[in-house]
Amino acid sequence: MSAGRTREQRVALVFNLVHPEMLKGRPLDAVAELDTEPTIAAIEAALRSRGHAVLRIEADEALHEALRRSRPDIVFNIAEGIGGESRESHVPAICEFLGIPYTGSGVLTTALCLDKPRTKEILAHHGLATPAYRVVTRPAGGSAGLRFPLIVKLAHEGSSMGLTPESVVDDAASLDRQIARLVETYHGPVLVEEFISGREFTVGVLGNEELSILPIVEIVFSHPRGINLFQPDDALLEMLADARKERPQYPRLHEAVCPALVDAALADRIRDTAARAYRALDCRDWCRMEMRLGQDGALYVLELNPIAGIDPTYLLPRAAAAAGWSFADLINRILDLALARTKR
């Protein structure tokens, strides 16, 4: 399902790869947003299947020079960045500095979407519901005016980083324990948010002037207070086994149902909310977002991820498959949208 066949391009596939040394002495979810070799190979094969020449470039300290020398026609960006509170904006910033077109959202949007509190401010400004919250940097001995149950998250991370089954809390003591754990382990500010008990949906959006909403995915939990926890893929587990001489078990506490079993009215509301959130954050080309249906009937937007996980087994490609798109269709649709946007 291409946005119109384009001439063959020299595409720089820019990514952050998990390296074995990253797995020593750190929680496994600290590398949750980085990619493994099978993901990179699948994207490269998808691009080559349309005749594009692909140059792999890792988004490390040599990225600027590598792009300056190679001068690709366009960058296919899936890099999450390796440090800093605005790490997802590093590749877009370098590309703009060098005048090289790239896929996906721009510098400001990628920085804002990684900052959950700032994202929530923008959503609220545009009349979109989002759970009430506070940002803290240390245990405070109380709920800061929020209503229990609460969920305790990292303020500047994604991919369920830092979440455990104990992240949903019912009292001040549990709240303080979770805040202390995140601050000590991840060294960043913490988002304390009112927990929305209800159905959770994931929605993929593609496009610019015109938007395509992919089939809705529902995350079905085995526990009524379930949350979407980090689930490492087989490649990461194998790497972990080599690095730590262990292969821990990650029980599946949720399943993805796509297309979600929702009536037409709710499906329309979810698609409309997704489109409004996409526009509010000025997303480009593609994005995946999460929302929950509260007991009050409101749809609460939880977060947006403009550089979502795109391994063929992940949620966005699964939603695309439900729409009849192959993995190659999805990857090249993203590329074609960016090419049309930049008139290359």
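The values are calculated or read from the model by the stated rules, or taken from the named source; none is laboratory data. Nothing here was measured: the structure is a model prediction, and the numbers come from that model. With ideal geometry, Cβ positions are generated from the backbone for all residues, glycine too; neighbour counts draw on all protein chains shown. The accessibility values were calculated without ligands, DNA or RNA, using every heavy atom of the protein model including side chains. Shrake-Rupley method; radii C 1.70, N 1.55, O 1.52, S 1.80 Å.
Using the alpha carbons alone, the radius of gyration of the stretch 133-226 stands to its Kirkwood radius in an Rg to Rh ratio of 1.06. Here each label is just a point 7 Å from Cα along the line to Cβ, and for Ala129 and Asp234 those points are 4.1 nm apart. How high is the FRET efficiency between Ala322 and Ala173 when r is their beta carbon distance and R₀ equals 30 Å, given to the nearest 0.05? The value I calculate is 0.10.
Charge tally for Leu214 (other residues, Cβ to Cβ under 11 Å; Lys, Arg +1; Asp, Glu -1): +4. Accessible surface comparison of Asp263, Asp115, probe 1.4 Å, protein chains only, largest first: the order is Asp263, Asp115. The phi-based Karplus calculation (6.51 cos²θ - 1.76 cosθ + 1.60; θ = phi - 60°) puts the 3J(HN,Hα) values of the stretch 212-222 at 10, 9, 6, x, 6, 9, 9, 8, 9, 9, 7 Hz, whole numbers, x for Gly and Pro. In plain terms, if you count all Cα to Cα distances in the stretch 275-344 and split them into 10 Å steps from zero, the share in each step is 18, 42, 32, 7, 1 percent.
Put a plus charge on the Cβ of each Lys and Arg, a minus charge on the Cβ of each Asp and Glu, and nothing anywhere else: the dipole of the stretch 261-317 about its Cα centre is then about 100 debye. Given +1 at the Cβ of Lys and Arg, -1 at the Cβ of Asp and Glu and no other charges, the dipole of the stretch 99-147 around its Cα centre is 240 debye to the nearest 20. Projection of the Cα convex hull of the stretch 45-117, averaged over all directions and equal to a quarter of that hull's surface, yields 5.2 nm². Taking every protein chain into account, the 1.4 Å probe leaves Asp171 with about 70 Å² of accessible area, to the nearest ten. Rg/Rh for the chain stands at 0.95; both radii use Cα atoms, and Rh follows the Kirkwood definition. Only the Cβ atoms of Lys and Arg (+1) and of Asp and Glu (-1) were treated as charged; on that basis the dipole of the chain about its Cα centre amounts to roughly 580 debye. I need the fraction of alpha carbon pairs in the stretch 1-152 separated by more than 20 Å, rounded to a whole percent. I get 61 percent for the Cα pairs in the stretch 1-152 exceeding 20 Å.
Phi angles of the stretch 291-302 translate, via the Karplus equation with coefficients 6.51, -1.76, 1.60 and θ = phi - 60°, into HN-Hα couplings of 8, 10, 8, x, 5, 7, x, 7, 8, 9, 7, 8 Hz per residue; Gly and Pro are given as x. Summarising the amide proton neighbourhood of Ala155: residues at separation of 5 or more, or on other chains, whose placed amide H is nearer than 5 Å comprise Val190, Leu191.
Taking amide H positions as modeled 1.01 Å from N, with prolines and chain starts lacking one, the residues under 5 Å from Ala132 and 5 or more places away or on another chain are Glu194.
Taking θ as phi - 60° and the Karplus parameters 6.51, -1.76 and 1.60, the scalar couplings of the stretch 89-97 work out to 8, 5, 5, x, 5, 5, 4, 5, 4 Hz in sequence order, x denoting glycine and proline. Altogether, the Stokes-Einstein calculation at 25 °C and 0.890 mPa s, with the Kirkwood radius of the stretch 95-151 over Cα pairs as Rh, returns a diffusion coefficient of 172 µm²/s. Relative to the globular-protein estimate of 2.2 N^0.38 Å, the Cα radius of gyration of the stretch 63-203 stands at 1.25.
When the chain is described by a simple charge dipole with +1 on each Lys and Arg Cβ and -1 on each Asp and Glu Cβ, the residue from Phe221, Ala180, Asn305 located farthest towards its positive end is Asn305. Across the options Ala340, Asn16, Val190, the greatest Cα extent toward the positive end of the charge dipole of the chain (unit charges at beta carbon of Lys, Arg, Asp, Glu) belongs to Ala340.
Within the chain, the cysteines lacking any other cysteine Cβ closer than 4.7 Å to their own Cβ are Cys95, Cys113, Cys258.
With R₀ set to 56 Å, the beta-carbon distance separating Ala180 from Ala340 gives a calculated FRET efficiency near 0.70.
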